[in-house]
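J.: The structure that follows is given in the form of structure tokens.
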Amino acid sequence: MMYALDTIFGITWHMDKCIDFYERILGMTAVSKSPYWTEFVLDNGVRFALHPPGDDGLCTVNGGWICALRVIDLSVVEDSLRKNGVDVGVRHQIPGGELITISDPDGRPVQVVQRF
């Protein structure tokens with residue numbers, strides 16, 4: 001039986017730019033880096049990774065996932081993102097919190113969520 005999210009990963013055409021974005025802009029730390037797989041481990045143990053497109057069928061054409069990263073103070077993170085030149089979307093109220101949506105260097109949406 002499945003009981004927890006282990007890993008979420010996105011296909012990237014720009015591994016170096018994405019590593020820089022997630023480390024420098026979002027403050028994550030990569031626990032492993034290679035041209036084929038870069039992995040970050042969040043505080044709750046969930047693994048967040050990047051993988052280039054390849055012959056393994058992992059290149060999303062239609063549909064896909066949106067990663068939502070939880071933060072303690074959305075205003076602080078939003079200010080930091082803007083100072084780093086990130087285009088920050090409109091703040092949205094959601095059940096139990098609020099979020100903003102940004103894009104990584106591949107144009108993949110990333111939501112930043114604060115729960116109340």
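Values in this text are rule-based calculations from the coordinates and carry no lab data. On a predicted model such as this, the values are computed, not experimentally measured, just so you know.
J.: For Cα Rg over 2.2 N^0.38 Å, several values are listed as (i) 1.08; (ii) 1.00; (iii) 3.26; flag the one computed from this structure.
T.: Recomputing Cα Rg over 2.2 N^0.38 Å here gives the entry labelled (i).
J.: Calculated from DSSP H runs of 4 or more alone, at -39500 (n - 2.57) each and per residue, what is the 222 nm mean residue ellipticity of the chain, nearest 500?
T.: Details: 2 runs with 16 residues, N = 116.
Helices in the chain give a 222 nm mean residue ellipticity of -3500 deg cm²/dmol.
J.: Taking 0.36 nm per intervening residue step and subtracting the Cα-Cα distance, what contour gain separates residue 29 from residue 66 on full extension? Show your work: numbers first, answer last.
T.: Values: separation 37, 0.36 × 37 = 13.32 nm, distance 2.00 nm.
Full extension of this stretch gives 11.3 nm more.
J.: Here's a follow-up. Restricting the count to DSSP beta bridges whose residues both fall in the chain, what percent are antiparallel, rounded to a multiple of 5? Before the final figure, lay out each step's value.
T.: On the way: 16 of 25 bridges.
Roughly 65 percent of the beta bridges in the chain run antiparallel, per DSSP.
J.: Moving on. Tell me the volume per residue, in Å³, of the convex hull enclosing the alpha carbons of region 1-40. Display every interim value, and only then the final one.
T.: Working: hull volume 3.5 nm³, N = 40.
It is 88 Å³ per residue.
J.: Tabulate in residue order the Karplus-calculated ³J(HN,Hα) for region 81-90, using 6.51 cos²θ - 1.76 cosθ + 1.60 with θ = phi - 60°, rounded to whole Hz; enter x for Gly and Pro.
T.: Per-residue couplings from phi come out as 4, 4, 5, 8, x, 7, 6, 9, x, 5 Hz.
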